[in-house]
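Visitor: Quick one: the structure is below, questions incoming.
The values are calculated or read from the model by the stated rules, or taken from the named source; none is laboratory data. Predicted, not measured: the structure shown is a model, and the values here were computed from it. We place every Cβ from the backbone using ideal geometry, glycine too, and count neighbours over all the protein chains shown.
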Amino acid sequence: MDIPEAEVDITPGLVRRLLADQHPDLSGLPLTPVANGWDNTILRLGDALAVRLPRRERAAELTRNEQRWLGKIAARLDTPVPAPVRVGRPGRGYPWHWSVVPWFEGRTAAEVPVAERSVLAVPLADFAVRLHVPAPADAPANSFRGVPLAARAEGFHRRLEAVPHLSRRRRLAGLWDGLAAAPAWPGPPLWLHGDLHPANLLVSPAGPGPAAVLDFGDLTAGDPATDLAVAWMLFGPADRAAFRARVDAAGTVDPHVWDRARAWALLFGVLLAAHSDDARTLAEIGAHTLGQVVLAEGTAEVDHG
């Protein structure tokens with residue numbers, strides 16, 4: 001799956017002009033292009049800031065969601081998140097709102113060997129528990145995250161067709177059918193990150209735990225199982241058990257949440273493994289996830305609900 005083409009031409013010169021017009025006190029800082037992702041272009045601004053601009057129309061609404069909600073959510077989290085510190089408006093031919101956010105030093109958890117991720121298990125569980133509280137009725141809607149698994153069944157089976165080897169597809173399809181039969185989330189919609197995976201977790205050699213949780217573009221509300229799929233996407237069995245135990249100890253999830261979370265992990269694993277030919281890191285996350293989801297079939301980790 002190729003990264004979508006940008007719908008606007010975002011250059012350092014354009015960003016410099018936007019800053020000069022709207023945040024002139026920042027316009028003299030060094031500006032360095034860093035990344036062009038699926039949805040956003042990111043430029044580092046000085047030592048402590050970054051400018052994040054939507055590169056396609058679909059991402060513009062996601063940016064507005066972050067601008068409205070992420071600062072409020074960040075206030076109750078112990079882990080740093082890129083809550084906007086300045087908000088930018090359309091201008092100079094650029095059509096959408098954009099943000100100035102903190103810059104976090106570190107490397108993604110995807111770059112850390114699986115055996116060295118133990119330090120993330122408990123802090124990440126605590127992050128999830130703090131994040132997963134009831135959301136207001138006007139929280140951002142997202143038809144692809146936090147929804148009942150039945151709503152994702154068609155998409156799962158369609159994407160499964162891209163997985164090589166018929167026998168593997170049959171095994172994964174059977175696993176999905178069993179896990180997706182778990183009872184639905186019985187509680188109110190909870191705040192969700194929506195895309196909690198190793199490439200969106202930043203770690204630092206300065207200390208244990210995540211240095212930051214990145215990219216809240218899929219911010220929404222619903223079943224916490226969507227985010228808890230990270231247990232299979234990030235960890236091996238022992239660290240996953242520690243993560244799960246910490247979440248369970250908080251008493252905020254239902255008995256079937258781990259079956260649903262494993263189904264979400266299976267969905268994400270199929271999506272990443274089958275459709276990330278142009279993104280090696282995402283493909284590796286997908287392969288690891290599917291390996292962990294299938295491994296759980298034949299171990300004591302099997303969910304009993």
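Visitor: Within region 96-127, restricting attention to residues that are touching a helix residue (DSSP H, G or I) at 6+ places or on another chain (Cβ under 6 Å) and of a type in the set (A, V, I, L, M), which residue is farthest from Gly251 (Cα to Cα)?
Guide: Ala110
Visitor: Is at least one residue of region 190-199 more than 30 Å from Trp69 (Cα to Cα), assigned by TED's automatic domain parsing to the domain that holds Trp258, in a helix (DSSP H, G or I) and modelled with pLDDT of 95 or more?
Guide: Within region 190-199, none of the residues are more than 30 Å from Trp69 (Cα to Cα), assigned by TED's automatic domain parsing to the domain that holds Trp258, in a helix (DSSP H, G or I) and modelled with pLDDT of 95 or more.
Visitor: Scan region 58-71 residue by residue and report those that are among the acidic types (Asp, Glu) and over 23 Å from Arg16 (Cβ atoms).
Guide: Scanning region 58-71 gives a single hit, Glu61.
Visitor: For residues that are touching a strand residue (DSSP E or B) at 6+ places or on another chain (Cβ under 7 Å) and not β-branched (Val, Ile, Thr), scanning just region 95-104, find the one that is surrounded by the most Cβ atoms within 10 Å (Cβ to Cβ).
Guide: Taking region 95-104 and keeping what is touching a strand residue (DSSP E or B) at 6+ places or on another chain (Cβ under 7 Å), we get 96-104.
Adding the requirement that they be not β-branched (Val, Ile, Thr) leaves 96-99, 102-104.
On the way: Trp96: 19, His97: 18, Trp98: 27, Ser99: 22, Pro102: 14, Trp103: 17, Phe104: 17.
So the residue we want is Trp98.
Visitor: Could you tell me which of the residues Ala273, Ala283, Ala279, Ala263 is assigned by TED's automatic domain parsing to the domain that holds His197, in contact with a Leu (Cβ under 9 Å, 6 or more places away or on another chain) and crowded, with 24+ Cβ neighbours inside 10 Å?
Guide: Every option except Ala263 fails the conditions.
Visitor: Taking the options Ala173, Ala182, Ala153, name whichever one is assigned to a helix (DSSP H, G or I), modelled with pLDDT of 95 or more and within 20 Å of Leu295 (Cβ to Cβ).
Guide: It is Ala173.
Visitor: From the list Ala83, Ala50, Ala115, exactly one residue is touching a Lys or Arg at 6+ places or on another chain (Cβ under 8 Å) and either of a type outside the set (Val, Ile, Thr) or under 30 Å from Glu161 (Cβ atoms) (or both). Which is it?
Guide: Every option except Ala50 fails the conditions.
Visitor: Still on this structure, I have one more. Regarding region 219-236, can at least one residue be identified that is surrounded by fewer than 19 Cβ atoms within 10 Å (Cβ to Cβ) and touching a residue at least 12 places away in the same chain (Cβ under 8 Å)?
Guide: yes
Visitor: Something else now. Can you pull out every residue in region 8-42 that is in contact with a helix residue (DSSP H, G or I) (Cβ under 7 Å, 6 or more places away or on another chain) and within 20 Å of Asp215 (Cα to Cα)? Let's see the steps before the verdict.
Guide: From region 8-42, those in contact with a helix residue (DSSP H, G or I) (Cβ under 7 Å, 6 or more places away or on another chain) are 19, 26-27, 31, 33, 39-40; that's our starting set.
Listed by number, the residues that qualify are Pro33, Asp39, Asn40.
Visitor: Which is surrounded by 20 or more Cβ atoms within 10 Å (Cβ to Cβ) and at pLDDT 95 or above, of Pro90, Pro140, Pro134? Break it down stepwise before answering.
Guide: Numbers: Pro90 fails: surrounded by 20 or more Cβ atoms within 10 Å (Cβ to Cβ); Pro134 fails: surrounded by 20 or more Cβ atoms within 10 Å (Cβ to Cβ).
Just one listed residue meets the conditions, Pro140.
Visitor: Restricting to region 204-235, name every residue that is part of a strand (DSSP E or B) and modelled with pLDDT of 95 or more.
Guide: Ala212, Val213, Thr220, Ala221, Gly222
Visitor: Among the listed residues Asp248, Asp278, identify the single one that is at pLDDT 95 or above and acidic (Asp, Glu).
Guide: Selected residue: Asp248, the only one of Asp248, Asp278 that is at pLDDT 95 or above and acidic (Asp, Glu).
Visitor: If you don't mind, there's one more thing I want to ask. So which residues in region 20-73 are without any contact (Cβ under 8 Å) to a residue 12 or more places away in the chain and either among the aliphatic types (A, V, I, L, M) or outside the structural domain of Arg92 (by TED's automatic domain parsing) (or both), if there are any at all?
Guide: Ala20, Ala35, Ile42
Visitor: For region 169-211, what are the residues that are touching a residue at least 60 places away in the same chain (Cβ under 8 Å) and under 12 Å from the mean Cα position of the chain (by Cα)?
Guide: Leu192, His193, Leu196, His197, Pro198, Ala199, Asn200, Leu201, Leu202
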